[in-house]
Structures are given as structure tokens and as C-alpha cells.
Amino acid sequence: MQYTIPHYYHKFQCIAGACKDTCCAGWSIMIDDKAKKRYWRQKGSFGERLKQSIDWKNSSFKQCGRRCVFLNREKLCDIYTEAGPDMLCKTCREYPRHTEEFQGVREISLSLSCEEAARIILGTKESVYFQTKEDEKEEIYPEFDSSLFHTLTEARKLIISFLQDRRYSCSHRMAMSLGFAHDIQSRIRGDRVFEINGLMERYQDESLHGIIEKKINNSKEHEENRFVKVKEWFTIFQEIEVLDADWSRYINTIKKLLFEKGITSYEENRIAFYNHLKENPEREEQWEIWCEQLLVYFVFTYFCGSVYDEQPYGKIKLAVVCTLLIQEMAQATFKMREGRLDFSEFVHLSHRFSKEMEHSDLNLNTMDRIFTTDKKFGLKSLLSVL
């Protein structure tokens with residue numbers, strides 16, 4: 001078995017009571033089969049409480065006011081307190097560590113939805129690199145396409161190299177990744193996976209950067225069209241499951257700040273925001289690094305999952321659109337704070353976005369569907385807003 005982690009992985013330590021949030025509220029905590037058996041066998045009064053507090057049909061803990069019923073007033077877990085860490089289910093034991101499973105491979109990351117993990121991810125100044133170790137465990141997944149998986153892992157390495165090429169703006173890096181993923185998708189759709197290796201060689205040609213820059217410039221929309229497109233993107237939030245009761249109020253406030261006063265106000269705020277960045281080279285560099293770390297986070301977490309659905313282009317769209325939406329939320333926060341945006345605020349809004357999007361398989365599946373079927377997320381349309 002091969003295990004891969006980002007280099008900052010071991011920096012995480014739960015800050016427990018010092019955390020402003022709780023990982024035990026706002027989402028349905030799923031229980032693995034082994035933990036369910038432990039809970040069912042538990043004796044005594046606590047065993048009875050376990051039996052009454054679990055939704056056995058859906059394999060999740062019941063909630064009270066969107067909080068796990070085992071979360072007490074001190075924001076501590078009663079299962080941990082009463083029965084110790086070995087009694088925790090896999091989700092509670094591992095979070096915010098997230099594992100993607102493939103045949104003979106486990107890719108483990110920290111989840112942006114945890115504010116402390118988000119602080120580590122976004123606070124990493126250097127480009128992320130990945131560490132791998134192996135053990136002697138073996139496994140076979142029936143019908144797993146090992147050849148496609150190998151191709152996808154190699155393609156992901158190249159995409160991450162694009163995203164970490166700091167000679168170019170993040171807009172340029174996103175365009176490069178979108179174009180490459182678009183071309184990969186066409187090979188998969190046409191049953192020509194064998195051509196992807198040649199495609200990777202072509203995308204490493206330095207002359208391609210000039211072509212990409214021309215495509216971005218040729219696709220640029222008039223400000224009014226960009227305003228309309230970004231406003232349309234925020235309708236994604238109307239199609240997803242709401243996890244945090246306060247999320248709808250929060251995102252409506254963001255939308256009002258961005259769009260309520262129309263195109264002129266929107267563009268004035270954008271100009272003010274980017275002028276604010278340009279006033280301080282370190283601030284501008286930091287903004288680009290935040291963008292890079294978000295993109296690499298989403299690509300590492302989700303791209304190779306396309307071995308199961310053959311939709312790598314959709315995974316890159318997810319990375320790009322989620323990053324751009326977070327950037328728009330940051331610009332709204334900048335406006336609300338009257339010309340200020342600091343690291344802690346960017347961490348907080350990124351964490352809130354992630355918690356709402358990534359803590360629900362239904363929401364992830366909805367975004368997959370949108371990015372693979374909705375024409376407003378086509379290549380030309382995406383390039384036009386970069």
C-alpha cells in the first residue's frame with residue numbers, strides 16, 4: 001500500500017477548546033460499520049444512550065439544533081469522555097484528515113473545512129510537495145482501471161506544476177490547467193487515453209504560455225458580462241444542501257455586498273481591491289500564494305477521483321470555480337471591512353465555504369453535475385472571467 005500526504009500534514013494539532021468553531025455541528029457525521037457494531041454492543045446506561053442517539057438506518061449520529069447529540073456544553077464529546085478515544089467512529093477519530101481511496105493507494109490530506117487546518121494550508125508560503133511511503137499491504141479493487149489511474153496521477157503532477165509556476169499569475173495558471181484538463185477529457189471521451197502522454201509532452205512546451213495568454217486576452221469579457229457571469233455562479237448556492245443554519249444569511253450578505261448596487265459598484269470594488277494589493281508587493285504575493293494553495297488543495301483532493309467517473313475536466317473546473325468564488329467572497333469582505341482583508345479573515349471565509357461544500361456528498365455530487373453539464377461553465381466562459 002502506498003500512502004501520500006502533503007508536506008505540511010503533520011503540522012496539524014487540534015486546538016480543542018481554543019477553536020472558535022466545532023467539528024461536531026452543521027453536518028451529518030457518518031458512522032463506519034465497525035463503530036456501529038461497537039456502539040450496538042455497548043452495555044449499561046451509556047450503551048442505551050448510544051442506541052437512542054444513532055440514526056441506524058442512515059448510519060449517522062442524531063442531531064439537536066444541527067449539533068451532534070454527543071456534543072456537550074463545553075464543546076467536548078461525551079463518547080470520548082465516557083468511553084475514551086478508541087470508541088470514536090472513523091470520521092471523528094480522523095477528522096480533519098481526509099482520505100481518498102484507490103487500489104493500493106491512500107491519499108491523505110487535511111480538510112480546509114477545519115479552521116486550524118485551513119490556517120496551515122493557506123499559511124504555507126512555499127509550494128506544497130508530497131511525501132510518500134509504502135508498506136506490504138496489498139488489495140485488489142474489482143474493475144479498477146489501474147492504467148487510467150496511473151495516467152491521471154501523472155497528469156495531476158503536471159497540473160500541480162502549472163499551478164505552482166510562480167513566474168505567471170494565478171489566472172494564467174488556472175487557464176493552463178483548464179485547457180489541459182479540457183484536452184484530457186476529449187481524449188477520454190473519444191476512447192483515446194493512449195494519446196494523453198503525448199498531450200502532456202506538448203503542454204510542457206514553453207511556447208504554449210504565449211498561446212494561453214492570447215486565449216485569455218481574446219476571451220476577456222466586457223465588465224458588464226463578467227458581472228453577469230459571476231452573479232450567475234452564485235446561483236450554485238441555491239442548488240445545494242444547506243448545512244449551517246447561518247449559511248444562507250451569510251451568503252446572501254456576500255451577494256448583496258457584491259451585486260446589489262450593480263455593475264459600477266462591483267467594478268469599483270474590484271479595482272479598489274486589486275489596487276490595495278498592488279500598493280504592497282508582499283500583499284500581492286500573499287494573495288497569489290493563497291490562490292495557489294487553494295487550487296493545489298482542491299486538485300490533490302479530487303482530481304484522481306475521476307478514475308471512477310472519467311470526468312477529470314469537471315474536477316479542474318471545481319478547483320477553479322471554488323477558488324474564484326472564495327476570491328469573490330474575499331472581495332465582499334474587503335468591502336464590508338472598508339478596505340481591509342487580513343489572513344485570519346481569508347482563512348475563516350475559506351473554511352466556511354469548504355465546510356458547506358465539502359461536508360456533504362450531495363453537495364459535491366451536485367457540483368460535479370453542474371460542472372460537467374452546465375454550459376455556463378464551458379472553457380471559453382471560464383477563461384473570460386480570469
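The values are calculated or read from the model by the stated rules, or taken from the named source; none is laboratory data. Since the structure is predicted, the reported quantities are computational estimates derived from the model, not experimental observations. So basically every Cβ, Gly included, is an ideal-geometry build from the backbone, and we count neighbours across all protein chains shown.
Kindly evaluate Gly47 against the criterion of being surrounded by 14 or more Cβ atoms within 10 Å (Cβ to Cβ) and either more than 21 Å from the chain's Cα centre (by Cα) or in the same structural domain as Glu241 (by TED's automatic domain parsing) (or both). It is true that Gly47 is surrounded by 14 or more Cβ atoms within 10 Å (Cβ to Cβ) and either more than 21 Å from the chain's Cα centre (by Cα) or in the same structural domain as Glu241 (by TED's automatic domain parsing) (or both). Residues in region 142-167 that are surrounded by fewer than 16 Cβ atoms within 10 Å (Cβ to Cβ) and touching an Asp or Glu at 6+ places or on another chain (Cβ under 9 Å): Asp145, Arg166. Among residues of region 300-319 that are on the phi > 0 side of the Ramachandran plot, those with a beta-carbon under 7 Å from a residue that is hydrophobic (A, V, I, L, M, F, W, C) at least six positions away or on a different chain give the pairs Glu310/Ile188.
For region 356-386, which residues satisfy the criterion of being not in a helix (DSSP H, G or I) and not polar (S, T, N, Q)? Before the answer, list the steps.
Looking only at region 356-386, we keep the residues that are not in a helix (DSSP H, G or I), and these are 359-360, 374, 378, 384-386.
Answer for region 356-386, where residues must be not in a helix (DSSP H, G or I) and not polar (S, T, N, Q): His359, Asp374, Gly378, Val385, Leu386.
Going through (1) within 27 Å of His7 (Cα to Cα); (2) β-branched (Val, Ile, Thr); (3) assigned to a helix (DSSP H, G or I) one by one, Ile79 falls short only on (1).
Pairing residues of region 240-251 that are among the aliphatic types (A, V, I, L, M) with residues that are outside any loop (DSSP other than H, G, I, E, B) and surrounded by fewer than 16 Cβ atoms within 10 Å (Cβ to Cβ), at Cβ distances under 6 Å and at least 6 apart in sequence or on separate chains, gives Val242/Ser248.
Apart from one condition, Ser59 fits all of (1) surrounded by fewer than 17 Cβ atoms within 10 Å (Cβ to Cβ); (2) touching a residue at least 40 places away in the same chain (Cβ under 8 Å); (3) in contact with a strand residue (DSSP E or B) (Cβ under 8 Å, 6 or more places away or on another chain); the exception is (2).
Every residue in region 156-171 that is touching a residue at least 60 places away in the same chain (Cβ under 8 Å) and within 19 Å of the chain's Cα centre (by Cα), please.
Of all residues in region 156-171, those touching a residue at least 60 places away in the same chain (Cβ under 8 Å) come to 156, 159-160, 163-164, 166, 169-171.
The answer is Arg156, Ile159, Ile160, Leu163, Gln164, Cys170, Ser171.
Hey, can you tell me all the residues within region 252-299 that are over 30 Å from Cys23 (Cα atoms) and in contact (Cβ under 8 Å) with a residue 60 or more places away in the chain? Write out each step before concluding.
Our first condition is that a residue be over 30 Å from Cys23 (Cα atoms); within region 252-299, this holds for 259-285.
Residues satisfying the conditions are Asn269, Arg270, Ala272, Phe273, His276.
Considering each residue of region 14-30 in turn, none proves to be over 26 Å from the mean Cα position of the chain (by Cα) and surrounded by fewer than 13 Cβ atoms within 10 Å (Cβ to Cβ).
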